[in-house]
Amino acid sequence: MASIEILAFTILGVAVIVHIILVNITLGTGWISAMARFLAWSQHKPDLEVMSRKVFKILIIHELFSGVWGTIITVVLAGFFPTLMATATDIIFLPILIALSSILIRIPTIALFWYTWGKIRPGLHTLVGLVMAISGFGVPFGFRYIFAELNYPYALAMAMQGMKDAARLAVFFNPLYPWLLLHTVVGALSIGGFIVASFFTLKGNVNAKFAWIGLWHGVLFLAVQGVLGPSYLLNLSSRAPLLYSNILGQSGSTFDLLPLFALKLSLIAFLVFTSVKVWRKIKRGDGGVPRYALVLGPVAIIVAMIGEFMNDAGKYPYMVLLGNSGLSPSTFMNAYVQIPWTTMFAVVGVLLTFVGIFMITAYYALNKRFLADMPSQTP
Amino acid sequence: MVATSLLLPISALGIFIHSFFLTISLGFPWVIGALLFQWWRTKDKEYYDAARNATAVLGLNFALGAITGTLVEFGLVQAWPGTIFVIATFGLMPLTFELVAFIGEIALLVLFIVTLGKVRPLASLGIMAFYGAMAILSGALIMTVNSWLNVPWGTGNLASRLYPFLPQYGPSAADPSALVRLKLELVKTLFATGTASQVLQSPDLAKAVGLTLNDPYVALYSPYAFASALHAVNAGIIVGISFALVGYAYRFWRTGQVKYVKIVRAFLPILLVLLILQPTVFGDMMGKAVAFQQPTKFALMEGAVNTTQNPLIDFLAYGNPQHAIIGFDSLRSQCGSLGPTTLGNLAASTAPNITLGSASSVSLKSICLSDLSKSESRLPVIYPLYYAKIAFGILDLIAIVGLVALNFNLGLLSRLTRRILNRFGQQKSVFLLSLLVVLASIFASGLGWFVREDGRKPWTVYGLIYPEEVITPVSLSPYVFVAFAVIFVAVAIVGIYGIYIVSTRRLKFVELLKKGAGVD
């Protein structure tokens, strides 16, 4: 792969990984917040409403920022890989339409859920929360078809043979997709739980009951991942053998990811071990929250980051896999313009600086409780 | 394929909905900034409370603006995938810089929201000013890309080779033969299959077309883009501030509390200055740019079926009262200079290995005349709407001057205004004038945008590319698109209702919640 292609591939990769980290946080915390709100309303438990609002703050701070990285991915794809983008908007038209429809519902309901808190009937507010949480999962439901096609171009292969109309529907039957989607969604739910557990360990937010609720969410879905992860890997062995070989560092691999895979498994083991220790200390919310519970969320995110990196960069030196070979990024690279890479890297640098500023602001805000735990009484 | 006649209005609807939220994103920083300034100057907490309330509206609105913007962007590449070529070439650098502005907006808005009331007023004012600058930059860069569609700056004399009445669009920063080759591929595929944008999916074609653009920054140098950015962004700011104005004026009318007038007075002078600048400076620049760069649009705006004289318009548009307004008759006669040249001749001279089939015998003159007729067919709509926009602009200016005269002491003007509006009383007068300002602003901006976008038809890229050449090749039931549009509208309505609730309704459950949670 030429250096220019590696640069473009890297910028796309950075954007995807930043986006995936933020999206995992927002999907998971959105679900937990909506559930807490629902239980607060149905079982008349005001403390769960407080939890819902506190957890929702995590989502609010990350959501728009995750969305903008989605936009960055679009521009990077269209700008650097226009032929791939043109193909995706044709063959994967319907899944993208589903994702867009979900975004269309998701973001306004997030804003409504926050700003109508205490201003509309609790039942209606709960409903807004549930719509918000469920619509969030519609986004990966649509977009993960693209990733499935990059790993196993089931519909793209049909399109290349001239069967475009059939391909546009066949995309829904990509056999790799269900496992990828389940692995993604359950991962997000697990990460959401661990993030919540960490959040309620932060100084100023300590709450054993809420941390315990987050912890069991994280552990439960992590256990489900114990089945889904290997299942996805097994599917890769037959659908995307090169990616499978790369992950396991087998002979014929083009990018040895085994050390990274081993690191991921080690971190999962660490997560399980730490969760058990925290579980014993918290005692179903009646005990104390040990400070080391703080690491749960960040470790869960690192695990997801490694997973996404392996899934995307594991195709190296190809962008679209075709069994044991594939189509390299140069196939799709922008041939229309001499991209000014120095400026591009400066822009990526500024974007990442803004990520840093944003993260510091966000965690400072969450830690210092700058976002009101209670709705403001100002009219 | 999906009909362009269906997708064009749906896309336009999406952009209009998005622009509603954009105006608040652009206008409210000025309102909040003015309130923070007054809070810092007077220590009056009512300014702070008003700033907080406006911030809540801005926050919710930003979410709605971001979502509608994302959808408009995705919608663009989904429904009109031919535009991917623009994003990958002339639009690449403006859109890349826009990402910086957009991400900056979010980071700064979050920073502002979480620190408001926790840091000094001037610090908050500084953050809001920085946010406002990012919002303006974002709007200006998006307008740069839109402007490239209106005036494809950097394509040199390419468009004028097809339409002799068009001027040269800046330097020739793109390889003309590569652009012609791509255009001919689009024409060929359109003739063969009914859609054309799918040609962009072919890596082989992309490599065959090759390096098209030598200067990726060229769209940023366009004088048309500069005028458009100033004109459109200022219009957005005016509408956004007007929303705040009418909200507070309504409260004043219903409650009679003078604090609402006090709040209005904090930002009214800003609105006055922007409304004076809009026609006298920015509108003037825009008008001159259109007159020179887009002769068909200018002829539509002036209803110039035939070339005519109007010293005032001629002076304003061309800086010369003797200069005639060029009508469609003159434009049509210029098509004659194309002679008998056909598309086949053009292909033979620029891309000899392209076989155009039945399209090769089509003469460039007939295309020129046909496109002029398509453009002229819009005259009965564009001409009256353009002058309606001008009328609303004048009305807007009169209303804001009246409002300022009513709320500040401007001597004779204030006495005269009060005498005229005496029968309504102060509360109702303030509200009625504010309502007039917001309605006139909305109509002037909305109609202006319609004229801008519809006036460039029959092209998507003025003088170069038709909508049929960029539309999606995916065949879908029109109902899918209509359903999508309906959901879009529904979300916008719910969102606007949410903004209304945020800005008006007091909390119902907060005390119970606090009690239950043991906070109190």
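The values are calculated or read from the model by the stated rules, or taken from the named source; none is laboratory data. Predicted model, so just to flag it, every value in this text is computed and none were measured. Note that each Cβ is placed from the backbone with ideal geometry, even for glycine, and that neighbours are counted across all protein chains shown. Keep in mind that these areas ignore ligands, DNA and RNA; they rest on the heavy atoms of the full protein, side chains included. Shrake-Rupley method; radii C 1.70, N 1.55, O 1.52, S 1.80 Å.
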Exercise for the section: With the checklist (1) without any contact (Cβ under 8 Å) to a residue 40 or more places away in the chain; (2) farther than 30 Å from A:Gly123 by Cα; (3) β-branched (Val, Ile, Thr); (4) surrounded by 24 or more Cβ atoms within 10 Å (Cβ to Cβ) in hand, flag the one item A:Thr109 doesn't pass. Expected result: (2)
Practice task
Among residues belonging to the range A:34-50 that are under 23 Å from the mean Cα position of the chain (by Cα) and closer than 15 Å to A:Trp114 by Cβ, point out the one that is surrounded by the most Cβ atoms within 10 Å (Cβ to Cβ).
Solution key: A:Arg37
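Quick one: count up the residues across the range A:1-20 that are over 17 Å from A:Ile110 (Cβ atoms) and crowded, with 19+ Cβ neighbours inside 10 Å. It would help to see each step written out before you state the result.
From the range A:1-20, those over 17 Å from A:Ile110 (Cβ atoms) are A:1-18, A:20; that's our starting set.
If we keep only those that are crowded, with 19+ Cβ neighbours inside 10 Å as well, we get A:5, A:8-9, A:11-12, A:15-16, A:18, A:20.
Of the residues in that region, 9 qualify.
Would you point out which residue out of A:Leu130, A:Leu94, A:Leu27 is open to solvent by 20 Å² or more (accessible area, probe 1.4 Å) and touching a Phe, Trp or Tyr at 6+ places or on another chain (Cβ under 7 Å)? Reasoning before the result, please.
On the way: A:Leu94 fails: touching a Phe, Trp or Tyr at 6+ places or on another chain (Cβ under 7 Å); A:Leu27 fails: open to solvent by 20 Å² or more (accessible area, probe 1.4 Å).
So the residue among A:Leu130, A:Leu94, A:Leu27 that is open to solvent by 20 Å² or more (accessible area, probe 1.4 Å) and touching a Phe, Trp or Tyr at 6+ places or on another chain (Cβ under 7 Å) is A:Leu130.
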Completion exercise
For the range A:148-175, pairs from a residue that is farther than 23 Å from A:Asp312 by Cβ and in contact (Cβ under 8 Å) with a residue 60 or more places away in the chain to a residue that is open to solvent by 20 Å² or more (accessible area, probe 1.4 Å) and outside any loop (DSSP other than H, G, I, E, B), with Cβ under 7 Å and 6 or more apart or across chains, are A:Arg168/A:Leu94
Problem - Checklist (1) touching a Pro at 6+ places or on another chain (Cβ under 7 Å); (2) within 30 Å of B:Leu343 (Cβ to Cβ); (3) surrounded by 18 or more Cβ atoms within 10 Å (Cβ to Cβ) applied to B:Ala135, failing item - result: (2)
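Among the residues in the range B:161-179, are any open to solvent by less than 30 Å² (accessible area, probe 1.4 Å), within 14 Å of chain A (Cβ to nearest Cβ) and assigned to a helix (DSSP H, G or I)? Lay out the reasoning, then the answer.
From the range B:161-179, those open to solvent by less than 30 Å² (accessible area, probe 1.4 Å) are B:163, B:165-167, B:169-170, B:173-174, B:178-179; that's our starting set.
Of the ones still in play, those that are also within 14 Å of chain A (Cβ to nearest Cβ) are B:173-174, B:178-179.
The next check asks that each one be assigned to a helix (DSSP H, G or I); those that pass are B:178-179.
Yes, the range B:161-179 contains a residue that is open to solvent by less than 30 Å² (accessible area, probe 1.4 Å), within 14 Å of chain A (Cβ to nearest Cβ) and assigned to a helix (DSSP H, G or I).
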Handout entry: Output for the range B:57-93, where each listed residue is at pLDDT below 85 and facing chain A (nearest Cβ under 7 Å)
Key = B:Leu60, B:Ala63, B:Leu64, B:Ala66, B:Ile67, B:Thr70, B:Leu71, B:Glu73, B:Phe74
Problem - Residue, most open to solvent (accessible area, probe 1.4 Å), within the range A:225-247, restricted to residues that are part of a helix (DSSP H, G or I), of a type in the set (A, V, I, L, M, F, W, C) and more than 20 Å from A:Ser266 (Cβ to Cβ) - result: A:Leu234
Exercise for the section: Considering each of B:Ala79, B:Ala129, B:Ala66, B:Ala123 in turn, give the residue that is over 27 Å from B:Asp215 (Cα atoms), surrounded by fewer than 21 Cβ atoms within 10 Å (Cβ to Cβ) and touching a residue at least 40 places away in the same chain (Cβ under 8 Å). Expected result: B:Ala129
Practice task
Would you check if A:Gly142 is in a helix (DSSP H, G or I), within 23 Å of B:Gly69 (Cα to Cα), touching a residue at least 60 places away in the same chain (Cβ under 8 Å) and not basic (Lys, Arg)?
Solution key: no
Handout entry: Selection status of A:Gly204, within 30 Å of A:Tyr364 (Cβ to Cβ), modelled with pLDDT of 95 or more and small (Gly, Ala, Ser)
Key = no
Exercise for the section: Evaluate the range A:112-120: report whether one residue or more is open to solvent by 10 Å² or more (accessible area, probe 1.4 Å), facing another protein chain (nearest Cβ under 7 Å) and under 24 Å from the mean Cα position of the chain (by Cα). Expected result: yes
Handout entry: Test set (1) closer than 30 Å to B:Thr212 by Cα; (2) surrounded by fewer than 19 Cβ atoms within 10 Å (Cβ to Cβ) - B:Leu416 fails condition number
Key = (1)
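In the list A:Phe173, A:Phe147, which residue meets the criterion of being at pLDDT 95 or above and surrounded by fewer than 22 Cβ atoms within 10 Å (Cβ to Cβ)?
On the way: A:Phe147 fails: at pLDDT 95 or above.
Only one candidate passes the filter, namely A:Phe173.
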